[in-house]
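Student: Dropping a structure here in C-alpha cells format, bear with me for questions.
The values are calculated or read from the model by the stated rules, or taken from the named source; none is laboratory data. Note that the structure is predicted; figures quoted are calculated from it, not measured. Note that we place each Cβ from the backbone using ideal geometry, even for glycine, and neighbour counts take in every protein chain shown.
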Amino acid sequence: MSLTVDITIIGAGVVGLAVAAQVADGRREVYILEKNDSFGQETSSRNSQLIHSGVFYPEGSLKAKTCVEGNASLYSLCQRHGIGCQRRGKLVVAVDNSEAEQLETLLQSGRENNVEGLRLLTPKEVEEMEPNVKAVAALFVPSAGVIDVYGLMGYFLAKARENGARIGYRSKVVAIDKLGSQYQVTVEDASGYVPFSTRVIVNCAGLNCDQVAELAGIDIVRAGYKLYYCKGEYFRVMGSKNKLVKRLIYPMPRPRGAGLGIHVTLDLEGKMLLGPSSQYVDEIDYSVDSQHKQLFYDSVVKYLPCIQLDDLEPEMAGIRPTLQGPEAGLTDFVIRDESDKGLPGFVNLIGIESPGLTSAPAIGRYVASMVDEALGDARGKSQG
C-alpha cells in the first residue's frame, strides 16, 4: 500500500461498491478494504435480491428517498449495462377486512413517497392477476422487481477499478487513529499488520459497521449505533408449485419488529422462495432450521392456500444489520459525516439493511457528495 491515499472504503458489499463507483474518478487514490475472500459475501448476497419500491418507509426518511431514487436508477442501469433484472410487480395482500382497511394507509404512504402506479385491487382483480392467491383486497405495486445482485456488484467494482480504485481482499481493519487532518488505518492481512494514512474513511462494513465506528473512538451505545443481528431464513417451494405466482406477494407489514413478514419472492428464473423470517440472534450463523418449516407454511397458507407443508425445503439464511431492536418501531439508515464527534471526513453508514440493495445507487451519490465536501472538491458526477 502507498503511504497516503485519498479515500478508504471499508466493506465491499453492494453499498460499499456503489460508493466506490461514485468516488473513484481517476484522479483520487481510492482503496476498498474487504475482510472476506471476495466481494458481497455477507448481507449483499444473502437476501431476497429484490428491487423494492418504497411504499413501506416513512415519508422523508432516508430509506424512502434513497429507495425510490434507487429503484429508478437500477432499472435504467441494468438496461444500459446488461445486468439481469425483471420488473415483476408486487401485491401486498389483505386476508381480512381489518387488513383491507390498512391498505388505504399503505397506499397513501406510497404516494407520499412518490411511488408511481399504485392502485388498490378488488378480490376479482387479485384473482385475475394471480389465480392462486387468496385475498379480500391488495395493493398493486408495479415498480417492484428482482435483480442479479452479483452482476450489479460486479458492475460497480469494474467501474471503480476503471477509474483507479484498488481493492484488497482478506484485509481486516483492526485500528483507526486520528492523526492531524488524516487517519491512520491499520489492516491485518496475510503479511501481518499494515498501517497507512487516508484523508477520508467511508464505513460500509455492514454487519461490522458498529465495530468499525468503535475503532474510530465513537461510543456506539451513546450514538445509537449499536447493531442488532436479525436472522432471516428462506425456504424453497419445490416441484410443480414453484411457479404458482408471477409477481411478488407480500403480507401486510407488521407494525413492530424487524422485517416485512414472510413473503413470496421469485428469482430471475421465476422460481419461488418464501422468506425471510425474523429472528434476533447474538452470533452470525447461516444455517437454516428445518423445524421452522411449519412457521413458513402457517405464514403463507393464509394467502397461498394451495401450498402444502411438504412442498417446502430449507434454502438459505442471511443476517440483517439492523438498528431496530425487538418489538421496536422502524428505524432509518444512519449516513453521516462525523465532524461533530471530532472526526471530519469519517463517514458512517450504519444499519444499512433492506432496502439497502435498492438504495445502493442513491446512497452512492449521497455519500459521494459528503466525500467531495470533506476533500474540498465541488465536482460531483452522476451514476452510470
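Student: Does the stretch 50-68 contain any residue that is more than 12 Å from Thr358 (Cβ to Cβ) and within 14 Å of the chain's Cα centre (by Cα)?
Tutor: Checked against the condition, which is being more than 12 Å from Thr358 (Cβ to Cβ) and within 14 Å of the chain's Cα centre (by Cα), the stretch 50-68 yields at least one hit.
Student: Follow-up. Between Glu112, Glu130, Glu104, which is surrounded by fewer than 20 Cβ atoms within 10 Å (Cβ to Cβ), over 26 Å from the mean Cα position of the chain (by Cα) and assigned by TED's automatic domain parsing to the domain that holds Met252?
Tutor: Within the list Glu112, Glu130, Glu104, the selection yields Glu104.
Student: Here's something else I'd like to know. Which one of these is out of contact with any Lys or Arg (no Cβ under 7 Å at 6 or more places or on another chain), in the same structural domain as Pro131 (by TED's automatic domain parsing) and either crowded, with 22+ Cβ neighbours inside 10 Å or at pLDDT 95 or above (or both): Leu50, Leu120? Walk me through how you get there before you give the answer.
Tutor: On the way: Leu50 fails: in the same structural domain as Pro131 (by TED's automatic domain parsing).
Criteria check complete, one pass: Leu120.
Student: If Ser109 satisfies all but one of (1) touching a residue at least 24 places away in the same chain (Cβ under 8 Å); (2) closer than 30 Å to Glu373 by Cβ; (3) of a type in the set (Gly, Ala, Ser), what's the number of the condition it fails?
Tutor: Unmet condition: (2).
Student: I'd like to know if the stretch 347-366 contains one or more residues that are in contact with a strand residue (DSSP E or B) (Cβ under 7 Å, 6 or more places away or on another chain), over 28 Å from Met238 (Cα atoms), assigned to a helix (DSSP H, G or I) and not hydroxyl-bearing (Ser, Thr, Tyr).
Tutor: Checked against the condition, which is being in contact with a strand residue (DSSP E or B) (Cβ under 7 Å, 6 or more places away or on another chain), over 28 Å from Met238 (Cα atoms), assigned to a helix (DSSP H, G or I) and not hydroxyl-bearing (Ser, Thr, Tyr), the stretch 347-366 yields at least one hit.
Student: Against the definition (within 19 Å of the chain's Cα centre (by Cα), surrounded by 17 or more Cβ atoms within 10 Å (Cβ to Cβ) and part of a helix (DSSP H, G or I)), how does Thr331 come out, yes or no?
Tutor: no
Student: Sticking with this structure for a sec: Can you confirm whether Val200 is assigned to a strand (DSSP E or B), surrounded by 14 or more Cβ atoms within 10 Å (Cβ to Cβ) and either aliphatic (A, V, I, L, M) or not assigned by TED's automatic domain parsing to the domain that holds Ala24 (or both)? Steps first, please.
Tutor: On the way: assigned to a strand (DSSP E or B): yes; surrounded by 14 or more Cβ atoms within 10 Å (Cβ to Cβ): yes; either aliphatic (A, V, I, L, M) or not assigned by TED's automatic domain parsing to the domain that holds Ala24 (or both): yes.
Spelling it out, Val200 is indeed assigned to a strand (DSSP E or B), surrounded by 14 or more Cβ atoms within 10 Å (Cβ to Cβ) and either aliphatic (A, V, I, L, M) or not assigned by TED's automatic domain parsing to the domain that holds Ala24 (or both).
Student: In the stretch 110-133, what count of residues is obtained for those that are under 20 Å from Glu99 (Cα atoms), among the β-branched types (Val, Ile, Thr) and not in a helix (DSSP H, G or I)?
Tutor: Result for the stretch 110-133: 2.
Student: Checking the structure you have, find out if any residue of the stretch 15-37 is among the polar types (S, T, N, Q), assigned by TED's automatic domain parsing to the domain that holds Pro195 and either in a helix (DSSP H, G or I) or at pLDDT 95 or above (or both).
Tutor: Among the residues of the stretch 15-37, at least one is among the polar types (S, T, N, Q), assigned by TED's automatic domain parsing to the domain that holds Pro195 and either in a helix (DSSP H, G or I) or at pLDDT 95 or above (or both), which makes the answer yes.
Student: Looking at the stretch 214-253, which of its residues are within 16 Å of Leu323 (Cα to Cα) and of a type in the set (Lys, Arg)?
Tutor: Arg222, Lys226, Lys231
Student: Go through the stretch 290-335 and give me each residue that's modelled with pLDDT of 95 or more and under 21 Å from Arg222 (Cβ atoms).
Tutor: Pro321, Thr322, Leu323, Asp332, Phe333, Val334, Ile335
Residues are listed down the side, and each one gets a yes or a no for (1) crowded, with 17+ Cβ neighbours inside 10 Å; (2) in a strand (DSSP E or B):
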position	(1), (2)
Leu274	yes, yes
Val288	yes, no
Phe296	yes, no
Tyr303	yes, no
Asp310	no, no
Gln324	yes, no
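Student: Here is a check on your reading of the model: is Thr331 within 16 Å of Glu233 (Cβ to Cβ) and touching a strand residue (DSSP E or B) at 6+ places or on another chain (Cβ under 8 Å)?
Tutor: For Thr331, the condition - within 16 Å of Glu233 (Cβ to Cβ) and touching a strand residue (DSSP E or B) at 6+ places or on another chain (Cβ under 8 Å) - is not met.
Student: Related question: So which residues in the stretch 73-109 are among the β-branched types (Val, Ile, Thr) and outside any helix (DSSP H, G or I)?
Tutor: Result: Ile83, Val92, Val93, Val95.
Student: Evaluate the following for Val30: is it touching a residue at least 60 places away in the same chain (Cβ under 8 Å), in contact with a strand residue (DSSP E or B) (Cβ under 8 Å, 6 or more places away or on another chain) and among the aliphatic types (A, V, I, L, M)?
Tutor: yes
Student: Right, another one. Is it the case that some residue within the stretch 147-155 is in a strand (DSSP E or B), farther than 25 Å from Leu74 by Cβ and in contact with a strand residue (DSSP E or B) (Cβ under 6 Å, 6 or more places away or on another chain)?
Tutor: No, there is no match, as no residue in the stretch 147-155 is in a strand (DSSP E or B), farther than 25 Å from Leu74 by Cβ and in contact with a strand residue (DSSP E or B) (Cβ under 6 Å, 6 or more places away or on another chain).
Student: Just need a number here: residues in the stretch 209-240 that are assigned to a helix (DSSP H, G or I), under 24 Å from the mean Cα position of the chain (by Cα) and touching a residue at least 24 places away in the same chain (Cβ under 8 Å).
Tutor: Going through the stretch 209-240 one residue at a time, the tally reaches 6.
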